[in-house]
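The values are calculated or read from the model by the stated rules, or taken from the named source; none is laboratory data. All of these numbers come straight from a predicted model, not from anything done at the bench. Positions of Cβ are generated from backbone atoms using ideal geometry, with glycine treated the same way; all protein chains shown enter the neighbour counts.
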Amino acid sequence: MKCSIHLLHSRPRWSMFCFALSIVTSVFMAKDASAAYTVYGLADVSAGGNGEKVEDFYVPQTAIADGVVVHGAQMDSAIGMYKANLATGIIGTYISGFSASDWTAGGRARASFSENLSLEFPAGYYDTDQYVEVEGQLTGTLSASGCDLYNRCSSASVSYSFWLGTHAGNDYFSGNPSVSSGDAGFTINTKFKLRALIVRAGTTFSTPTELGVAVSADLSGNATAITQEGLDFANALHDFYQSGRLLAVHVPPGVTWTSESGVFLSRVPKALPWIPLLLLDD
């Protein structure tokens, strides 16, 4: 496990932030290197001509979290963070950019995970279609302000996709909203439900039968602040760090399920109201 908070002109609180992330991540590391479940994270930001990137590739872990901070000339700054956790069902991304110069400030971030579930159906005749369901919630906000003299303007975007699939069907919840300077901004706080057919009516199992289900969640975005020296400051924000979460798996009566990682949704926290993440200067 690595923690790669890269700092230029860093402040002490970010060292503590990195240390805390290291502890949280190490607690939930998976032991099995052959497992097919995966998590992924990326944060890539720049400001004032300086840039930093940190990335966790698709690996058989159960949780990751990391971030990067960059400071440039004339107070320019950018922050990028990500997290993904199979036990809590949470993925989150955060990018912010502040520019007071001719340089753009901001970047991109991504977080995702995938998991395989095994549902055991008792032996017997099924006279109706059988479904598996997954509940989830998505919260976050986008905002942007500032333009240069060439009408290039600050912007922020998000792309999200939650997917549930079986051999018999699939369902998904997705979107890709964006905002530019002058827009009112974008905020989402919604619950969703994925529902997929897994056993068709008229099916008979002579013995208990296991059937596979695939679940994935992917969240990514960009935020870029654009202005020009001598003009107003520019800001861009993609705040989905408290964001996507899967809350529960629902199966037919008498059916049980397990996950390949062994931890999926084992530590789902009680849903809380969404509060925007604020990072303040000293």
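Name the single residue, out of those in the range 125-142 being farther than 30 Å from ALA223 by Cβ and touching a Ser or Thr at 6+ places or on another chain (Cβ under 7 Å), that is surrounded by the fewest Cβ atoms within 10 Å (Cβ to Cβ). Give the derivation first.
Pass one, the range 125-142, residues farther than 30 Å from ALA223 by Cβ: 125-133.
The next check asks that each one be touching a Ser or Thr at 6+ places or on another chain (Cβ under 7 Å); those that pass are 125-126, 132.
On the way: TYR125: 9, TYR126: 16, VAL132: 27.
So, considering only residues that are farther than 30 Å from ALA223 by Cβ and touching a Ser or Thr at 6+ places or on another chain (Cβ under 7 Å), the one surrounded by the fewest Cβ atoms within 10 Å (Cβ to Cβ) is TYR125.
Among the numbered conditions (1) of a type in the set (Gly, Ala, Ser); (2) closer than 19 Å to HIS167 by Cα; (3) assigned to a loop (DSSP other than H, G, I, E, B), tell me where ALA217 comes up short.
All conditions pass for ALA217, except number (3).
Can ILE95 be described as in contact with a helix residue (DSSP H, G or I) (Cβ under 7 Å, 6 or more places away or on another chain), within 20 Å of SER159 (Cβ to Cβ) and crowded, with 21+ Cβ neighbours inside 10 Å? Let's see the steps before the verdict.
Values: in contact with a helix residue (DSSP H, G or I) (Cβ under 7 Å, 6 or more places away or on another chain): no; within 20 Å of SER159 (Cβ to Cβ): yes; crowded, with 21+ Cβ neighbours inside 10 Å: yes.
No; evaluated as a whole, the condition is false for this residue.
Could you please find all residues in the range 106-134 being more than 16 Å from the chain's Cα centre (by Cα) and charged (D, E, K, R)?
Passing the criteria: GLU120, ASP127, ASP129, GLU133.
All but one of (1) surrounded by 18 or more Cβ atoms within 10 Å (Cβ to Cβ); (2) more than 18 Å from the chain's Cα centre (by Cα); (3) at pLDDT below 90 hold for SER243, so report the exception by its number.
Condition not satisfied by SER243: (2).
Are there any pairs, at least 6 apart or on different chains, whose C-beta atoms fall under 7 Å, with the first in the range 241-261 and farther than 18 Å from ALA214 by Cβ and of a type in the set (Phe, Trp, Tyr) and the second modelled with pLDDT of 95 or more and assigned to a strand (DSSP E or B), and if so, which?
TYR241/MET81; TYR241/GLY92; TYR241/THR93; TYR241/TYR94
How many of the residues in the range 137-178 are more than 19 Å from the chain's Cα centre (by Cα) and closer than 18 Å to THR227 by Cβ?
12
Do we have SER181 as more than 19 Å from the chain's Cα centre (by Cα), surrounded by 12 or more Cβ atoms within 10 Å (Cβ to Cβ) and of a type in the set (Ser, Thr, Tyr) here?
Taking the combined requirement at face value, the residue satisfies it.
Among (1) assigned to a strand (DSSP E or B); (2) hydroxyl-bearing (Ser, Thr, Tyr); (3) touching a helix residue (DSSP H, G or I) at 6+ places or on another chain (Cβ under 9 Å), which single condition is SER101 missing?
It fails just one condition, (1).
Applying the selection to the range 196-232, what residues are among the hydrophobic types (A, V, I, L, M, F, W, C), farther than 23 Å from ALA87 by Cβ and either surrounded by fewer than 17 Cβ atoms within 10 Å (Cβ to Cβ) or in contact with a Leu (Cβ under 8 Å, 6 or more places away or on another chain) (or both)?
Correct list: LEU197, ILE198, VAL199, ALA201, PHE205, LEU211, ALA223, LEU231.
Looking at the range 78-93, can you tell me whether even one residue there is more than 14 Å from the chain's Cα centre (by Cα), assigned to a strand (DSSP E or B) and at pLDDT 95 or above?
Yes; the residues of the range 78-93 include at least one that is more than 14 Å from the chain's Cα centre (by Cα), assigned to a strand (DSSP E or B) and at pLDDT 95 or above.
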